[in-house]
Structures are given as structure tokens and as C-alpha cells.
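Written out below as C-alpha cells is the structure these notes cover.
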Amino acid sequence: MENTCPTLPSDIIYEVLTRVPLQSLQSFRQVCAEWRQMIHQTYFIKLHSERTKTLNGYFIQSLEKNKYYSSFVSMNQNPSVSTPSLEFLPKNVKIEASSSIHGLLCCTIQDRPIRYLICKPATKEWRKIPNPKARYFTERIEIVVQSSAPLQYKIIRLSQPNHNKDHLICEIFDSQSWKWRRSIDIKMGYFDELLSLGCGVLINGSLHWLTNYNRIFAFDVANENWKMISLPQQQLSINEDFLNKKVVEYEGCLSLCYYKETWMELWVMKDSIREVWERKKTINIEEYQPIFADLYTSEVAFLLDVFKVIWYNFQLHKSTETKISRKIAREAYIYKSDLTPLIHTR
């Protein structure tokens, strides 16, 4: 099949794409494989951030003496854009979830009772939202932006009732109604099946988490249904703790990283209908023992270490380090944002 991309010279296409709004890149990367690969390259992301004055990095969160601390780190800090922080929020705020590219965070104020809020650190705006109704322990929570003009988003909260360990209660906050409502209950396949720690990965409208039974739990946000996805057959035969595996996004595709002490494998979902996986590459990480957190770009792994984070370019075998003030980073929330003020639906 011939390449269906527009016939403009590639250098002109590159110049145009590095100047489009951040949210538009989500649509442009679906045009063809060439554009998708281009948009996920490290230098493209750096140049796009500079030209559009957008933020691209992670909020790192730590917990010390029952108090949460957070800081923003970026591989290429743009000097024309102020470094975002959460200092404009009430004290002792915990990040619960981040939107993928719209710069929104869902947080909780760790008082008694706990209160929920939505904020955009890039513009220092925030607003309280109602608390969920189910008073169970929050297993996972995510925010998914459906529209930026006007701003519309959903917050998906999964909690587990004390009396029923194989069920997850699903609640959804809708910014249009400004209310929480209970959606379908999720019955896990096994009594002790757990979702992996960390953020869910949003691919094609579904949130994905790895489970300890070598499956990927996928929740379709629009249709509010779910399914389980099998791992690559080669991975099913590996009897390893699921902490050695992590679901990630690789060039817009659902992917799986399996990592050991000195190397890491990257598997990509080649066919989502038939659930066909392809081993994309094996990466040597012998020099680095930190915790693998995410794929920052198609060439760069993002790692957490003591008092620092590391961007490791596994194609060039080079790394960039950024110091952090806290010894142990518990979570990393990807944060991409423009500087456009929020326009709430209410």
C-alpha cells in the first residue's frame, strides 16, 4: 500500500507540525506512520515546546512524614515559560491523576475530611469539585479530557469495597453535570487480582493497567465498559513479579516494558483486534539501576533515582540528570500543558 501522507516536502511538514497547538498533535499523529514517528521524537518535542511555549515533563511526588511534596522536572526546560508548581494550592495536596496533554491535575487536600480539586498549574487556576460518594479505599483514579473548547472532562475513580475483594466500584465525575455518578461494577477475574501501581495509560480512548495475573485491564471511558488483554505469549511463560513489567505508550500504541537488572524489552501491540504483539527492541540499561517510570519519547526512558531523575537516550547511550529535593520519588505524573486559561463548564 502506498504512503497516503500529503506530498509536501518533509522539511515543510516538520516546520508546520512544530508550530501547531499541543492538543492538535493528538490528531496529526493519526495521519500516517511517518507523522506519528516524527511527533514522538525527542528533538521534535523539544522544538515544539520552544516554539509553542508549552510545558513538557513530569510532576514528581514524594511522601515524607505523612506530607506530600511535588516538583516539576523537564528534560528541556523552556526559559520563556515559568516552571509550574503546586504552591498556589492549599497545603499538603496530593496529586491523584494528570490529564495526558491538557495540563489538568486532579488532586486531594489531605485534611479531614479529604477534599477533591481540579487545577491547571501552568496558569495557577484551581477549583474544588464534589467528593465521590462511595467511601471505599481508592484503588485508582484518572482524569480524561474530552474537549478543550469548551473544557469537558471526566474523572474515573475505582474503589474496592471491604466486603468484596473481587469487585471494583466505578464512579465517574462529569464536568458538564458537575456530579459524581456510579457506573458499572467491575468484576475482576480472580479474587486477589490487583491493578499495577501508577498512572493508567490512555490509548484510543481506553485506560490501561497491568494486573498481577499477566493481563492488561482496559477501561473504555466513552462506553464505560471494560475488557482484559493478554500479554505477549513469551511474557506469559515468564514467572516474574508484575513489578518487573509496565504498560506504557510507544508512538501512540499500547506497549509493554519488561525490565531486569541490565536490559529491558519493549513489546508493542501490533494488532489490537487479534491482540498480536511484536517485540520492538531490547534496550541495554546496564549502567542504570534506578526505577523505570515511563517512556518519555520513542528514544528516551524516564527513570527515578535517589535525589534525581534520569532521562536515558537508549539509542545514543547518553543520559541527562535532574536533581530533586526529596530523597525518594514515589510517583511520576506526565505533564504537558499550554498556557491557555481554563474555561470551566460551570
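Scanning segment 88-115 for residues that are modelled with pLDDT of 95 or more, farther than 27 Å from residue 44 by Cβ and assigned to a loop (DSSP other than H, G, I, E, B) yields a total of 2.
Among the numbered conditions (1) among the small types (Gly, Ala, Ser); (2) under 25 Å from residue 266 (Cα atoms); (3) more than 18 Å from the chain's Cα centre (by Cα), the only one that residue 329 does not meet is (3).
For segment 82-120, a residue qualifies if it is within 19 Å of residue 55 (Cβ to Cβ), free of Cβ contacts under 8 Å to residues at least 24 places away in the same chain and hydroxyl-bearing (Ser, Thr, Tyr), and the qualifying residues are 82, 83. Within the set 313, 284, the sole residue that is over 22 Å from the mean Cα position of the chain (by Cα) and either free of Cβ contacts under 8 Å to residues at least 60 places away in the same chain or surrounded by 14 or more Cβ atoms within 10 Å (Cβ to Cβ) (or both) turns out to be 284.
If you go through segment 93-138 and keep only what is aliphatic (A, V, I, L, M), in contact with a Cys (Cβ under 9 Å, 6 or more places away or on another chain) and more than 17 Å from residue 179 (Cα to Cα), you end up with 93, 95, 97, 104, 105. Of the residues making up segment 196-233, those that are of a type outside the set (Phe, Trp, Tyr) and under 27 Å from residue 128 (Cβ atoms) are 197, 198, 199, 200, 202, 207, 221, 222, 224.
Taking (1) part of a strand (DSSP E or B); (2) over 25 Å from residue 198 (Cβ atoms) in turn, residue 30 satisfies each apart from (1). Within segment 12-34, the set of residues being open to solvent by 20 Å² or more (accessible area, probe 1.4 Å) and without any contact (Cβ under 8 Å) to a residue 60 or more places away in the chain comprises 12, 14, 15, 16, 19, 24, 27, 28, 31, 33, 34.
When residues in segment 317-345 are screened for being over 23 Å from residue 105 (Cα atoms), outside any strand (DSSP E or B) and at pLDDT 90 or above, 0 of them pass. The condition of being in contact with a His (Cβ under 9 Å, 6 or more places away or on another chain), modelled with pLDDT of 95 or more and part of a strand (DSSP E or B) holds for residue 118. Among the residues of segment 35-58, those identified as surrounded by 21 or more Cβ atoms within 10 Å (Cβ to Cβ) and either of a type in the set (Ser, Thr, Tyr) or over 22 Å from residue 11 (Cβ atoms) (or both) are 49, 54, 55, 56, 57, 58.
If you take the residues in segment 145-182 that are within 17 Å of residue 129 (Cβ to Cβ) and hydroxyl-bearing (Ser, Thr, Tyr), which one is most open to solvent (accessible area, probe 1.4 Å)? Looking at the filtered set, the residue picked out is 177. Of all residues in segment 113-144, those satisfying the criterion of being under 23 Å from residue 84 (Cβ atoms), open to solvent by less than 40 Å² (accessible area, probe 1.4 Å) and in contact with a strand residue (DSSP E or B) (Cβ under 6 Å, 6 or more places away or on another chain) are 116, 117, 118, 119, 122, 129, 141, 142, 143, 144. Here is the figure for segment 261-281: residues that are over 17 Å from residue 232 (Cα atoms) and either assigned to a loop (DSSP other than H, G, I, E, B) or open to solvent by less than 70 Å² (accessible area, probe 1.4 Å) (or both) total 2.
From the list 84, 90, the lone residue that is open to solvent by 30 Å² or more (accessible area, probe 1.4 Å), over 24 Å from residue 315 (Cβ atoms) and of a type outside the set (S, T, N, Q) is 90.
Per the listing 10, 85, 27, the residue uniquely within 24 Å of residue 153 (Cα to Cα) and modelled with pLDDT under 85 is 27.
The values are calculated or read from the model by the stated rules, or taken from the named source; none is laboratory data. Nothing here was measured: the structure is a model prediction, and the numbers come from that model. Positions of Cβ are generated from backbone atoms using ideal geometry, with glycine treated the same way; all protein chains shown enter the neighbour counts. In case anyone asks, the SASA skips ligands and DNA or RNA and just uses the protein heavy atoms, side chains included. Shrake-Rupley method; radii C 1.70, N 1.55, O 1.52, S 1.80 Å.
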